[in-house]
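Asker: Have a look at this one before I ask anything.
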Amino acid sequence: MSWAVYRSTAPKVKGHFFFNLDGLPERLVLTTGVGSEREVLATNYRAGVTYLLDRGYNEYELFRNLLKAQAHFVTRLLKNAVWTALQDYPVSPTDQAVGVQRDQQIQPGHSQNSLTVRMVTYKKLDGTIIHYITSRYEVDALTVVRLYDHRWQTLRFFAWLKLHLQLGHWYSENENGVLIQLYAALITFLLLKLHSAKCAKVEHRAMRSGFRRYIDQRLFDRLTQPSLEVYFKLLKSSSELSQSSP
């Protein structure tokens, strides 16, 4: 995989995934191992989208570019960051009761920085204080906290991907082959999501596990008409069972 530039002794690729708030992947960008996450983000801005960013993306120029693209962001402020408070907003008793301490407009960085953002200060149950910053002013303070927490959906997705789809081995070593394998993994993930929605009851967990094992074993088999008929018959009976359950 000489195209997958990283180190002379270790080729590497990076898959950059964009997710919606339902935890579903919307876009995939493949780069070499030295590909920059920030550069990928910078070439994929979409107006009206709120990006939930890891603290590693704390860069004021990045925030400015997002705003120029008419997009928004939610992220955590770095622990060593400095800021100047410009204005305090009222915090509702409901938000205070669950940990929101302050809601402010601030100027991050030093005084020459012209960027202004909203900062929500939140206290976790263990006493940890977290500062969230965002360009969204129209939502309540607790929603800012919850939006950032949605990032865990992406981590759960990667854990699921590595555990169930066994991407440690590439079936093809060229770039298109790797991309096809990743798209096949995404399609499998979405199909299992749809199937799980059909079988949402607790008693159907075994059936969902069996369906995943079936895919693991037969993913690269040629589909025959009889096997398709068996699958659709099982899917129909599963749907009827879900509808008849109280």
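Asker: Taking Arg136 as the residue in question, decide whether it is under 20 Å from the mean Cα position of the chain (by Cα), over 19 Å from Phe18 (Cα atoms) and open to solvent by 30 Å² or more (accessible area, probe 1.4 Å).
Answerer: Numbers: under 20 Å from the mean Cα position of the chain (by Cα): yes; over 19 Å from Phe18 (Cα atoms): yes; open to solvent by 30 Å² or more (accessible area, probe 1.4 Å): yes.
So Arg136 fits the description; yes.
Asker: Of the conditions (1) more than 24 Å from Lys68 (Cβ to Cβ); (2) assigned to a helix (DSSP H, G or I), Val144 satisfies every one except a single condition; which number is it?
Answerer: Here Val144 meets the rest and fails (1).
Asker: Could you check how many residues of the range 1-21 are in a loop (DSSP other than H, G, I, E, B) and within 15 Å of Leu155 (Cβ to Cβ)? Quick ask: steps written out before the conclusion?
Answerer: So in the range 1-21, the residues in a loop (DSSP other than H, G, I, E, B) come out as 1-6, 8-9, 11-12, 20-21.
Filter once more, so that each one left must be within 15 Å of Leu155 (Cβ to Cβ): 21.
Final tally of qualifying residues: 1.
Asker: In the range 27-42, is there at least one residue being small (Gly, Ala, Ser) and open to solvent by less than 20 Å² (accessible area, probe 1.4 Å)?
Answerer: From the range 27-42, those small (Gly, Ala, Ser) are 33, 35-36, 42; that's our starting set.
Then keep just the ones that are open to solvent by less than 20 Å² (accessible area, probe 1.4 Å); that gives 33, 35.
Checked the range 27-42: at least one residue is small (Gly, Ala, Ser) and open to solvent by less than 20 Å² (accessible area, probe 1.4 Å).
Asker: If I go through the range 107-122 residue by residue, how many of them are over 18 Å from Ala71 (Cα atoms) and modelled with pLDDT of 95 or more?
Answerer: Total meeting the criteria: 3.
Asker: Then there is this: Give the residues of the range 153-204 that are under 19 Å from Lys12 (Cβ atoms), small (Gly, Ala, Ser) and at pLDDT below 80, sorted by residue number.
Answerer: Gly168
Asker: Say we look at the range 4-19 and pick out the residues that are without any contact (Cβ under 8 Å) to a residue 24 or more places away in the chain and open to solvent by less than 50 Å² (accessible area, probe 1.4 Å); which of these is farthest from Gly177 (Cα to Cα)?
Answerer: Filtering first and then ranking leaves Ala10.
Asker: Under 6 Å between Cβ atoms, at least 6 apart or on separate chains: pull out the pairs that start in the range 91-112 with a residue that is within 17 Å of Ile129 (Cβ to Cβ) and end on any residue that is among the β-branched types (Val, Ile, Thr) and assigned to a strand (DSSP E or B).
Answerer: Taking only residues 6 or more apart or on different chains, the pairs are Val91/Val100; Gln101/Thr121; Arg102/Thr121; Asp103/Val120.
Asker: Sticking with this one: Specify the residue that is farthest from Asn58 (Cα to Cα); the eligible residues are those in the range 152-173 that are within 16 Å of the chain's Cα centre (by Cα) and open to solvent by less than 50 Å² (accessible area, probe 1.4 Å). Break it down stepwise before answering.
Answerer: Applying the first criterion (within 16 Å of the chain's Cα centre (by Cα)) to the range 152-173 yields 152-162.
Okay, now just the ones that are also open to solvent by less than 50 Å² (accessible area, probe 1.4 Å), so 154, 157, 161.
Numbers: Thr154: 19, Phe157: 23, Leu161: 27 Å.
For the range 152-173, the residue satisfying everything is Leu161.
Asker: Can Gln217 be described as part of a helix (DSSP H, G or I), of a type outside the set (Asp, Glu), open to solvent by 100 Å² or more (accessible area, probe 1.4 Å) and at pLDDT 65 or above?
Answerer: Working: part of a helix (DSSP H, G or I): yes; of a type outside the set (Asp, Glu): yes; open to solvent by 100 Å² or more (accessible area, probe 1.4 Å): yes; at pLDDT 65 or above: yes.
Yes: the conditions hold for Gln217.
Asker: Six or more apart or on different chains, Cβ atoms under 9 Å: show the pairs whose first residue is in the range 128-148 and of a type in the set (S, T, N, Q) and whose second is open to solvent by 50 Å² or more (accessible area, probe 1.4 Å) and part of a helix (DSSP H, G or I).
Answerer: Here the result reads Ser135/Leu67, each pair linking the range 128-148 to a residue that is open to solvent by 50 Å² or more (accessible area, probe 1.4 Å) and part of a helix (DSSP H, G or I).
Asker: Which residue pairs have Cβ atoms closer than 8 Å, lie 6 or more positions apart in sequence or on different chains, and pair a first residue in the range 56-83 that is under 18 Å from Glu37 (Cα atoms) and open to solvent by less than 60 Å² (accessible area, probe 1.4 Å) with a second residue that is outside any loop (DSSP other than H, G, I, E, B) and charged (D, E, K, R)?
Answerer: Taking only residues 6 or more apart or on different chains, the pairs are Gly56/Glu37; Tyr57/Glu37; Tyr57/Arg38; Asn58/Arg76; Leu62/Arg38; Thr75/Arg55; Arg76/Arg55.
The values are calculated or read from the model by the stated rules, or taken from the named source; none is laboratory data. Model, not experiment: these values are computed from the prediction. A quick note on method: Cβ atoms are made from the backbone with ideal geometry, for glycine too, and the neighbour counts reach across all protein chains shown. These accessible areas exclude ligands, DNA and RNA; they are computed on the full protein's heavy atoms, side chains included. Shrake-Rupley method; radii C 1.70, N 1.55, O 1.52, S 1.80 Å.
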